[in-house]
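Notes to accompany the following structure.
The values are calculated or read from the model by the stated rules, or taken from the named source; none is laboratory data. This structure is a prediction, so every number in the text was calculated from the model and none was measured. Note that each Cβ is placed from the backbone with ideal geometry, even for glycine, and that neighbours are counted across all protein chains shown. Just so you know, the surface numbers come from the protein's heavy atoms only, side chains and all, with ligands and any DNA or RNA stripped out. Shrake-Rupley method; radii C 1.70, N 1.55, O 1.52, S 1.80 Å.
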Amino acid sequence: MKKIVVFTGAGVSADSGISTFRDADGLWANYRIEDVCTPEALKRNRALVVEFYNIRRKELLSVEPNPAHYAIAELEKSFDVEVVTQNVDNLHERAGSSRVTHLHGELMKLRSERNPNLIVPIEGWEQKLDDRAEDGALLRPHIVFFGESVPMFDRATQIAAEADVMVVVGTSLAVYPAAMLVRYARAGVPIYVVDPGNPDVSMIRNPITHIKERGAVGVPQLVEMLKNEYL
Ligand code: APR
């Protein structure tokens with residue numbers, strides 16, 4: 001059975017109504033990264049950081065997966081599929097994808113500020129400022145902030161190296177090391193990009209097919225193409 005690795009970014013959730021980061025109306029047009037997405041910000045202004053993720057969590061609970069998420073989940077009926085996502089939302093899982101690796105953390109989880117392995121699910125959207133973990137330390141969003149290590153990257157590169165086909169949906173390929181994942185596909189493995197914009201594909205050495213569509217339109221189209229091509 002062919003192995004398809006699907007590498008996604010914020011664009012795959014755009015059609016669910018969740019802002020991307022670098023589009024004109026993106027998150028980073030409205031917030032400064034250094035205020036809400038760095039370890040220093042958490043120390044300096046914990047309330048703003050906790051509020052930023054509470055707002056994003058509340059939004060996540062109000063949206064649904066879109067046809068792109070469902071088409072990716074449907075691929076599992078015909079192929080050996082693994083999703084590697086930069087997204088912290090749980091829309092791939094809610095659409096039915098069963099193997100999802102989150103590179104940048106998960107919005108619906110918190111962790112101990114002392115022990116990064118002490119991770120707990122959060123019920124609802126609100127983390128209260130003084131919520132503590134079992135080890136007594138304050139809790140923090142289970143998110144990889146800028147300047148922090150990406151512990152799942154090594155695992156993700158192993159997954160990418162197993163791909164017979166790589167699909168890249170809705171990422172500008174602007175953030176490292178995540179963007180390097182496209183370099184771990186074996187030579188000759190075809191890479192299909194679904195994005196209405198122009199992600200930075202300059203480091204991709206493999207054959208590329210760019211479907212210049214929004215995810216909700218382009219991913220279902222691609223799934224049909226892959227079935228015709230590989231089944
Ligand atoms: N369907 C598919 N792709 C879309 C859509 C859509 N409806 N709308 C926008 N896009 C594309 C854009 O053209 C762009 O290529 O999604 C991509 C979004 O890029 P970014 O906003 O940079 O998001 P992403 O690549 O996921 O950012 C990577 O940066 O801030 C960090 O940790 C954060 O995981 C994030 C990382």
Calculated from backbone phi, Karplus (6.51, -1.76, 1.60) coupling profile of region 93-106 in Hz, x at Gly/Pro: 5, 5, 7, x, 5, 9, 10, 10, 10, 9, 6, 10, x, 9
Vicinal HN-Hα couplings computed from phi for region 7-16 (Karplus, 6.51 cos²θ - 1.76 cosθ + 1.60; Hz; Gly/Pro x): 10, 10, x, 4, x, 5, 9, 4, 6, 8
Candidates E134, E113, E82; GNM for the chain (alpha-carbon contacts under 10 Å) flags as most fluctuating E134
Protein accessible area in region 113-211, 1.4 Å probe - carbon and sulfur %: 52 percent
Which cross-chain or sequence-distant (5 or more) residues have an amide H under 5 Å from the amide H of Y192, H modelled 1.01 Å from N in plane? M166, V167, V168, T209
Give the lysines whose C-alpha is closer than 26 Å to that of K128, dropping any in the same chain fewer than 8 places away, or say none. K43, K58, K109
Can you compute the modelled spin-label distance between N198 and E162, with each label point 7 Å from Cα toward Cβ, in nm? 3.6 nm
What number, rounded to the nearest 500 deg cm²/dmol, is the helix-based mean residue ellipticity at 222 nm of the chain, given -39500 (n - 2.57) per DSSP H run of at least four residues and division by all its residues? -8500 deg cm²/dmol
Surface per residue (accessible, 1.4 Å probe) for the chain, Å²: 46 Å²
Within the chain, which complete DSSP H helices have Cα atoms spanning at least 27 Å along the helix axis and a mean Kyte-Doolittle hydropathy of 1.0 or higher? none
Once you charge only the Cβ atoms, +1 for Lys and Arg and -1 for Asp and Glu, what is the size of the charge dipole of region 65-202 about its Cα centre, to the nearest 20 debye? 180 debye
Give the calculated FRET efficiency between E229 and I33 to the nearest 0.05, with a Förster radius of 30 Å applied to their Cβ-Cβ distance. 0.15
For the chain, what is the charge dipole size about the Cα centre, in debye to the nearest 20, if Lys and Arg each add +1 at the Cβ and Asp and Glu each add -1 at the Cβ? 360 debye
S62 accessible area, nearest 10 Å², 1.4 Å probe? 90 Å²
Proximal lysines to K77, defined as alpha-carbon separation beneath 20 angstrom and excluding residues fewer than eight positions away on the same chain: K2, K3, K227
Semi-axes of the equivalent ellipsoid for the chain, Cα gyration tensor, largest first, Å: 31, 17, 17
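Nearest-5 percent of antiparallel DSSP beta bridges in the chain?
Counting DSSP beta bridges with both partners in the chain, the antiparallel share is about 25 percent.
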Given the candidates I159, Q221, I208, the one whose Cα lies deepest towards the positive end of the charge dipole of region 100-231, counting +1 at each Lys or Arg C-beta and -1 at each Asp or Glu C-beta, is I208
Using θ = phi - 60° and the Karplus form 6.51 cos²θ - 1.76 cosθ + 1.60, what ³J(HN,Hα) does each residue of region 18-24 get, whole Hz, x for Gly and Pro? 9, 4, 7, 9, 10, 6, 3
In cubic angstrom, how much convex hull volume per residue do the alpha carbon atoms of region 107-162 span? 108 Å³
Return the carbon/sulfur percentage of the accessible area of region 1-99, one whole number, probe 1.4 Å, all protein chains in place. 51 percent
